[in-house]
There are 2 protein chains.
Amino acid sequence: MEQNSIVDAVLKNIFIEMEASGRHVHLTKGQAEKLFGHGLTPDRPLSQPGQWAAKERVTVVGPKGEFRNVAVLGPERKEAQVEISLTDGRVLGIQPPIRASGSVENSPGAVLKGPNGEVTLGQGVIAAQRHIHITPEDASRFGVKDKQIVKLQTYTGRPLVFEDVLVRVSKDFATRVHLDYDEANACGFQNGDLGRLLPCKKPC
Amino acid sequence: MEQNSIVDAVLKNIFIEMEASGRHVHLTKGQAEKLFGHGLTPDRPLSQPGQWAAKERVTVVGPKGEFRNVAVLGPERKEAQVEISLTDGRVLGIQPPIRASGSVENSPGAVLKGPNGEVTLGQGVIAAQRHIHITPEDASRFGVKDKQIVKLQTYTGRPLVFEDVLVRVSKDFATRVHLDYDEANACGFQNGDLGRLLPCKKPC
C-alpha cells in the first residue's frame with residue numbers, strides 16, 4: 001500500500017467527507033414532460049451512485065420571490081420535491097419544514113416554470129434535514145444504524161457540532177454528509193472538508 | 001419575588017438570549033451626509049444600549065449583485081463596516097472574511113448607494129464572527145473573559161454547538177449572543193431562543 005493509500009484508509013476510519021447541497025428540484029416524469037417537453041437529460045453524475053444533475057433547469061416561484069436556473073436532479077421520482085434552505089425560504093416567502101428527503105406530507109407548495117410550461121405543486125417544498133448517506137459497511141464500522149440521529153463535529157473554518165444529523169444507510173449510497181448552504185456557511189465549509197461522528201453515551 | 005421573576009433569575013444564570021443579525025451597514029458621519037444629505041436619524045433602539053437602527057437605508061452593490069434597502073445602524077462610527085453573511089457574499093460576488101466587528105483591515109470593499117449619492121468603500125465588508133456581548137457581571141458569573149473563544153450549545157429547532165464564539169465584555173453591553181442568518185438558520189433559531197455556554201477544560 002502506498003503512503004497516500006494508507007493515509008486515506010486511516011482518514012476514512014475517522015472522518016466522513018462533507019458536501020453542501022444547493023437548492024434543487026426532483027420531478028416526476030410527467031412533470032418533466034410538462035416543463036420541458038421531454039424527460040430529464042443527464043448532465044453530470046453526483047456523488048451518490050445513480051444520481052445526476054440534469055441539463056434542464058427550472059424557475060421556482062413563491063409568494064414573495066423566485067429563483068431562476070434551479071438545478072433539477074435525476075432520475076425522475078414518484079413525487080416532486082423542492083429542497084431549499086431556510087434562507088431561500090425567506091426569499092420565496094415559503095417556510096419549508098425540516099424533513100427527511102421523501103417526507104413531503106403537508107409541506108408547502110410552489111410553482112415551477114420551465115421553457116415548455118409550468119407545474120403547480122400542492123406540496124413538496126422542504127428543507128432537507130442534515131443527514132449522512134452511509135454504506136452498510138461504514139455504518140457498521142462507525143457503529144450507527146439507519147434512521148439514527150447522531151452528532152457530527154465539523155473540521156471547518158468555523159467549527160461546530162451539528163446535533164440532529166440523520167443517518168441513512170443503504171448499499172446504494174456513497175458515504176457522505178449532506179448539509180444545506182445555511183449549514184455549510186455557518187460552519188465555513190469548503191469543498192473537501194471533513195466531519196467526524198461523535199460517540200453518544202445515550203441516544204443523541 | 002414573584003414566581004416569574006424567580007424563574008427568570010434562574011434562567012439567566014444558565015442561559016443567554018440569542019439574536020440573529022441581518023445584513024447591515026455602519027457609516028461615518030461624512031459618508032452618511034454624502035449618501036443621504038444629512039446625518040443618520042435614529043428610528044428604533046437595538047438590544048445593545050446606545051445602538052439603534054436608522055431611518056435611512058442603503059443599497060449595497062457588489063460585482064455580481066446588490067441588496068437594496070439594507071439597514072444602517074447608528075451612531076456613526078470612525079470607519080465604515082458592511083456586515084453580511086457568507087450567503088449574502090455569494091449573491092454580491094464578495095467573499096467576506098470572518099472578523100470581529102471593527103477589524104476590517106484588508107477586507108473587500110463595496111459600493112453603497114443612497115438617495116443623495118454613492119460611496120465606494122475600499123474595504124470594510126466582513127462576516128461578523130459569532131460573538132457574545134456580555135456585561136462584566138455576567139462574564140464573571142459565567143467564568144469568561146474578554147476575547148475568549150467559547151462553545152455555545154443552542155436550544156433551538158435544529159440544535160448544534162457553535163465552537164468559535166468570541167466573548168466581548170463591556171459595561172456598555174447587554175448580554176446577548178449574536179449570530180448571522182446563516183448561523184441562525186443552521187440552528188433553526190426563532191426569536192427568544194436561548195443558548196448555554198459549555199464549560200471548557202482547556203482553552204476552547
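Of everything listed in (1) within 24 Å of B:Q51 (Cα to Cα); (2) touching a residue at least 60 places away in the same chain (Cβ under 8 Å), the single unmet condition for B:K145 is (2). Checked across region B:163-170, the condition of being under 22 Å from A:D182 (Cα atoms), at pLDDT 95 or above and among the basic types (K, R) holds for no residue.
Each residue in region B:89-102 was checked for being within 9 Å of another protein chain (Cβ to nearest Cβ) and in contact with a strand residue (DSSP E or B) (Cβ under 8 Å, 6 or more places away or on another chain), and 2 pass. Scanning region A:2-59 for residues that are more than 18 Å from A:K78 (Cα to Cα) and under 15 Å from the mean Cα position of the chain (by Cα) returns A:E17, A:M18, A:E19, A:A20, A:S21, A:G22, A:R23, A:P45, A:L46, A:S47, A:Q48, A:P49. Inspection of region B:98-115 identifies no residue that is of a type in the set (S, T, N, Q), free of Cβ contacts under 8 Å to residues at least 60 places away in the same chain and not in a loop (DSSP other than H, G, I, E, B). Here B:A54 meets the list (1) open to solvent by 50 Å² or more (accessible area, probe 1.4 Å); (2) without any contact (Cβ under 8 Å) to a residue 60 or more places away in the chain almost entirely, failing just condition (1). For region B:52-74, the criterion of being under 27 Å from B:I132 (Cβ atoms) and assigned to a loop (DSSP other than H, G, I, E, B) is met by no residue. Selection of region A:165-182 for residues being without any contact (Cβ under 8 Å) to a residue 40 or more places away in the chain and open to solvent by 20 Å² or more (accessible area, probe 1.4 Å) yields A:V169, A:S170, A:K171.
So is A:E79 outside any strand (DSSP E or B) and either of a type in the set (A, V, I, L, M) or modelled with pLDDT of 95 or more (or both) or not? For A:E79, the condition - outside any strand (DSSP E or B) and either of a type in the set (A, V, I, L, M) or modelled with pLDDT of 95 or more (or both) - is met.
Inspect all residues belonging to region A:125-144 and state whether any of them is open to solvent by 30 Å² or more (accessible area, probe 1.4 Å), on the phi > 0 side of the Ramachandran plot and out of contact with any Phe, Trp or Tyr (no Cβ under 6 Å at 6 or more places or on another chain). Within region A:125-144 (the criterion being open to solvent by 30 Å² or more (accessible area, probe 1.4 Å), on the phi > 0 side of the Ramachandran plot and out of contact with any Phe, Trp or Tyr (no Cβ under 6 Å at 6 or more places or on another chain)), the answer is yes, since at least one residue qualifies. All told, B:G30 meets the bar of being of a type outside the set (D, E) and without any contact (Cβ under 8 Å) to a residue 12 or more places away in the chain.
Report yes if some residue within region B:59-74 is open to solvent by less than 40 Å² (accessible area, probe 1.4 Å), in contact with a His (Cβ under 9 Å, 6 or more places away or on another chain) and farther than 15 Å from B:T28 by Cα; otherwise report no. Yes, there is a match, as at least one residue in region B:59-74 is open to solvent by less than 40 Å² (accessible area, probe 1.4 Å), in contact with a His (Cβ under 9 Å, 6 or more places away or on another chain) and farther than 15 Å from B:T28 by Cα.
From the list B:D138, B:D182, the one residue that fits, being acidic (D, E) and more than 15 Å from B:I98 (Cα to Cα), is B:D138.
Screening A:R90 on (1) out of contact with any His (no Cβ under 6 Å at 6 or more places or on another chain); (2) under 27 Å from A:E17 (Cα atoms) shows it passes everything except condition (2). Taken residue by residue, region A:106-124 has no member that is open to solvent by 40 Å² or more (accessible area, probe 1.4 Å) and within 21 Å of A:N185 (Cα to Cα).
Yes/no per residue for (1) closer than 26 Å to B:T154 by Cβ; (2) free of Cβ contacts under 8 Å to residues at least 40 places away in the same chain; (3) under 18 Å from the mean Cα position of the chain (by Cα):
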| site | (1), (2), (3) |
| --- | --- |
| A:G117 | no, no, no |
| A:G122 | no, yes, no |
| A:A139 | no, yes, no |
| A:I149 | yes, no, yes |
| A:F189 | yes, no, yes |
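All conditions but one from (1) among the hydrophobic types (A, V, I, L, M, F, W, C); (2) open to solvent by less than 30 Å² (accessible area, probe 1.4 Å); (3) closer than 20 Å to B:V72 by Cα; (4) in contact (Cβ under 8 Å) with a residue 40 or more places away in the chain apply to B:I94; the one that does not is (4).
The values are calculated or read from the model by the stated rules, or taken from the named source; none is laboratory data. Worth saying up front: this structure is predicted, and the values here are computed from it rather than measured. Ideal geometry is used to build each Cβ from the backbone, glycine not excepted, and the neighbour counts take in all protein chains shown. These accessible areas exclude ligands, DNA and RNA; they are computed on the full protein's heavy atoms, side chains included. Shrake-Rupley method; radii C 1.70, N 1.55, O 1.52, S 1.80 Å.
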